[in-house]
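The values are calculated or read from the model by the stated rules, or taken from the named source; none is laboratory data. In this text, all values refer to a predicted model and were calculated from it rather than measured experimentally. Cβ coordinates were reconstructed from backbone atoms using ideal geometry, including for glycine residues, and neighbour counts include every protein chain displayed.
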Amino acid sequence: MEVPMLERRRTGWDIVLGALLVIVGLVILGNAVLATTVSVYFLGWLALISGVVLFVASLFRIRTSGFWLAALGGAILAVLGLFILRNPQVGAATLTLLAGSLFLVSGLARVVVSFQLPSLRWPLVISGLVSMVLGLIVLLNLASASLALLGILLGIQTLLEGLTVMIFGRWRPAGLGVGTRDETVA
């Protein structure tokens, strides 16, 4: 079986999609507090629905070996979703604490790895230090950061995704361009 090759190509639709993503990213950055609130509620509902579905699906596997693990996982996920929905401010603070911790730990890991890779030492040290500083800023200002951090991260991610799609396009199977057809016979 042949593995299809992928190539990154840009079409007019990619530019339109990228422009829409850039606009949405700017709108999100324009009201990061609202975006944080919406994303916390979205994550809460997603966890609740996923937990209920996982728990119900586990009931269909009641006599198999993975039943208890799936049932427990579904119950914990559903309770987590309920907790986030009932206390969105605490949920936002918890997610912000997690994000700040990830910034700090990933920055520390980059600095440690930089000593093992001499050719990439300075880029890793610089990016690691920036990440560590961001993590410390978030962790030391948790109350104010929890209001907007998730919205800012979502806005930046959406903006960068839009710019990437506009500039580079999306991944497509190699040889299957727009306006061409596949000549291979199965």
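Worth a mention:
- Breaking point among (1) under 20 Å from V33 (Cβ atoms); (2) free of Cβ contacts under 8 Å to residues at least 40 places away in the same chain, for S119: (1)
- Of all residues making up region 89-108, the number that are more than 18 Å from the chain's Cα centre (by Cα) and loosely packed, with under 14 Cβ neighbours inside 10 Å: 2
- As a summary of the residue check, W122 satisfies the conditions (1) surrounded by 15 or more Cβ atoms within 10 Å (Cβ to Cβ); (2) more than 30 Å from L59 (Cα to Cα); (3) modelled with pLDDT under 95 except for the one numbered (1).
- The number of residues in region 29-42 being surrounded by 14 or more Cβ atoms within 10 Å (Cβ to Cβ) and either more than 21 Å from T94 (Cβ to Cβ) or acidic (D, E) (or both) comes to 2.
- Residue list for region 151-177, filter: under 18 Å from G18 (Cα atoms), surrounded by fewer than 13 Cβ atoms within 10 Å (Cβ to Cβ) and at pLDDT below 75: W171
- Subset of region 62-88 (residues that are of a type outside the set (A, V, I, L, M, F, W, C) and surrounded by fewer than 13 Cβ atoms within 10 Å (Cβ to Cβ)): R63, T64, S65, G66, R86
- Those residues of region 1-28 which are of a type in the set (A, V, I, L, M, F, W, C) and surrounded by 13 or more Cβ atoms within 10 Å (Cβ to Cβ), in sequence order: I15, L17, A19, L20, L21, V22, I23, V24, L26, V27, I28
- Of all residue pairs spaced 6 or more apart or on separate chains, those with beta-carbon atoms under 7 Å, a first member in region 147-173 that is touching a residue at least 60 places away in the same chain (Cβ under 8 Å) and closer than 21 Å to D14 by Cβ and a second member that is surrounded by 15 or more Cβ atoms within 10 Å (Cβ to Cβ) and charged (D, E, K, R) are V165/D14; M166/D14; F168/R10; G169/R9; G169/R10; G169/D14; R170/D14; R172/R9.
- Out of A47, A75, sole residue that is small (G, A, S), assigned to a helix (DSSP H, G or I), more than 27 Å from L153 (Cβ to Cβ) and modelled with pLDDT of 95 or more: A75
- In region 57-102, of all residues being touching a residue at least 12 places away in the same chain (Cβ under 8 Å) and of a type in the set (S, T, N, Q), the one that is nearest to S146 (Cα to Cα) corresponds to T96.
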